[in-house]
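The values are calculated or read from the model by the stated rules, or taken from the named source; none is laboratory data. Everything numeric here is computed off the predicted structure, so don't read it as measured data. All Cβ positions, glycine included, derive from the backbone under ideal geometry; neighbour counts span all protein chains shown. Protein only, heavy atoms only, side chains kept; ligands, DNA and RNA dropped before computing areas. Shrake-Rupley method; radii C 1.70, N 1.55, O 1.52, S 1.80 Å.
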Amino acid sequence: MIDPTVLAARRARLTAALGENGLDAAALVPGPSFYYLTGINFHLMERPTVLFVCADGRLFAVIPSLEGARWAAGMPDAETEYWQDSSGFEAAFAAISGRMEAGSIGVEGQRMRVFEGDALRRHFGNGGVHDAQQAIAGIRLCKDTTEIECLQKAIAISETALASTIAKVRDGMSEREILGMLQIAMLESGAEGFAFDAIVLSGAMSADPHGEPSGERRLQKGDPLLFDFGAAYGGYNADITRTFFCDHVQDEHRAIYETVRLANAKGREVSAPALSAHDVDLATTQVLRDSPFADLIVHKTGHGLGLDVHEAPQIMEGDHQALQPGMVFTVEPGLYRSGDVGVRIEDNVLITEDASVSLTSFDRDITIIGG
């Protein structure tokens, strides 16, 4: 349960952001920001469930009746209209819009669905709904002590599980077999869930950054084996990638790996307050560009990490968001040669008052497993 004073402070940050952006209110559907502001985790389903936070601090909500008890207990200060499946939700939206008298509503454009947006436009006016993704996401940029502790726990669980898994990996195992071992190890180590569908790819398939593990592909000697995964704990997500080699490593693959390792080290080294996400991306990617493998670059350096696996800031060229203490993001350079090999090394970095620290500590040196 989140301390009510913490929730109040978070909502105050949102109301300030609304004022700065000329918005009367924000409308949020279930998801990370909804949970961040309420401490209540609803599933995003077919029933519209909307929290309204007004720039003057008032709280309103449209909530399905079947969620009423949990909502009333957790959010007693929200003026709420409950609705039944049998009667529909239109009257609830109409009642709330009449009480709020808000002319401009900000929504998370990357989360709000069409049918909820349509309901808002019907009751607040076609021109009254605006994409406020950046303003709303901005309140979650800097993590507090409790959030960082949850991230550290998720990361520790993930790293323990990875160590346990690679100790058991042998050539001849399928990707899905190895994935199953990893998932069991995470749960046994204390994971409350998985941050996302983990990626375990061997051989040439490691060159697909978001490939799907197969029950048919089996690890062979000389293969790279890429893990991209994370445990979830307290609502927060780890996101870690390591690449290993089975039995031995080819000289060319070793050279690619060492290039990625140096780029990862550079990204972690330069990350500090006052630099921008753009600066970190340029410094990291420049190591890759200056190598013989510049043509194997396919993605940016990283992304913010927290309640969402991918959130602001984006560690990429063109994102001039200044890094601030409390921000957590990934540094995950990679090189990918189609049909041959993919290497990615991903760490989770926390910006401190005067520098940065890697919350991940799993060995980054080239490691031979199985065989």
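Residues in region 325-358 that are under 25 Å from Ile199 (Cα atoms) and without any contact (Cβ under 8 Å) to a residue 60 or more places away in the chain: Phe329 alone.
The residues listed here are Arg47, Arg70, Arg58; of these, the one that is open to solvent by 20 Å² or more (accessible area, probe 1.4 Å) and in contact with a Pro (Cβ under 7 Å, 6 or more places away or on another chain) is Arg47. Residues in region 334-371 that are of a type in the set (Gly, Ala, Ser) and surrounded by fewer than 20 Cβ atoms within 10 Å (Cβ to Cβ): 6 in all.
Being outside any loop (DSSP other than H, G, I, E, B) and either aliphatic (A, V, I, L, M) or in contact with a helix residue (DSSP H, G or I) (Cβ under 8 Å, 6 or more places away or on another chain) (or both) holds for only one residue in Val249, Val280, Val298, and it is Val280. In the set (1) surrounded by 21 or more Cβ atoms within 10 Å (Cβ to Cβ); (2) assigned to a helix (DSSP H, G or I), Gly138 fails one condition alone, (1).
Checked against the criterion of being closer than 21 Å to Gly127 by Cβ, of a type outside the set (S, T, N, Q) and open to solvent by 70 Å² or more (accessible area, probe 1.4 Å), region 76-90 has at least one qualifying residue.
Within region 49-57, the presence of at least one residue that is within 26 Å of the chain's Cα centre (by Cα), of a type outside the set (Val, Ile, Thr) and closer than 26 Å to Leu307 by Cβ is confirmed.
The residue that is surrounded by the most Cβ atoms within 10 Å (Cβ to Cβ), counting only those in region 242-262 that are out of contact with any Ser or Thr (no Cβ under 6 Å at 6 or more places or on another chain) and of a type in the set (Ser, Thr, Tyr), is Thr243. Per this entry, Ala185 is not counted among residues that are assigned to a helix (DSSP H, G or I), open to solvent by less than 50 Å² (accessible area, probe 1.4 Å), among the small types (Gly, Ala, Ser) and closer than 16 Å to Val309 by Cα.
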